[in-house]
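The block underneath contains the structure these notes are about, expressed in structure tokens.
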Amino acid sequence: MRLREMTPFILSLGGVLADYVTTTIGLGLGFTETHPQYHPLTALAIFWGAITVLTLTMPRRSPWNLAVHGIALVSFLGGVNNLLVILGVFPGLPI
């Protein structure tokens, strides 16, 4: 497998790791996880599964390539959300 084909997988791994690290930091600061069954390996399996399905089923043209990379970049949303909550910019979800 070439590096170009692996890029979405590497990107999503980075996003899931960012989410895991910021979740761990937030838990250490006294925040709570709103999704009690959250596990980074489950998140990674979901992202990698979606990327695999899209990669195998979509044409290899540029707009579809962007869609696959877009799905990979969505994995960073959890980390960004956690960071905003930790910094006090976003209050988080009330429980």
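The values are calculated or read from the model by the stated rules, or taken from the named source; none is laboratory data. The shown structure was predicted, so the numbers you read here are calculated from the model rather than taken from an experiment. As a convention, Cβ positions derive from the backbone with ideal geometry for all residues, glycine included, and neighbour counts pool all protein chains shown.
Please return the ranges of helices (runs of 4 or more DSSP H) entirely within the chain where 1 or more residues are at pLDDT below 95 and of a type in the set (Ser, Thr, Tyr).
Where helices (runs of 4 or more DSSP H) fall fully within the chain and carry at least 1 residues being at pLDDT below 95 and of a type in the set (Ser, Thr, Tyr), they are 3-28, 40-57, 62-74.
So for the stretch 32-48 (the condition being hydroxyl-bearing (Ser, Thr, Tyr), under 12 Å from the mean Cα position of the chain (by Cα) and crowded, with 18+ Cβ neighbours inside 10 Å), does at least one residue qualify?
Among the residues of the stretch 32-48, not one is hydroxyl-bearing (Ser, Thr, Tyr), under 12 Å from the mean Cα position of the chain (by Cα) and crowded, with 18+ Cβ neighbours inside 10 Å, which makes the answer no.
Only residues in the stretch 8-28 that are free of Cβ contacts under 8 Å to residues at least 60 places away in the same chain and more than 21 Å from Leu66 (Cβ to Cβ) count as the first member; pair them with residues that are among the polar types (S, T, N, Q) and assigned to a helix (DSSP H, G or I), Cβ under 6 angstrom, at least 6 apart or cross-chain, and list the lot.
Thr23/Asn82
Based on what the data block shows, is Thr22 loosely packed, with under 15 Cβ neighbours inside 10 Å and out of contact with any Ser or Thr (no Cβ under 6 Å at 6 or more places or on another chain)?
The answer is no for Thr22.
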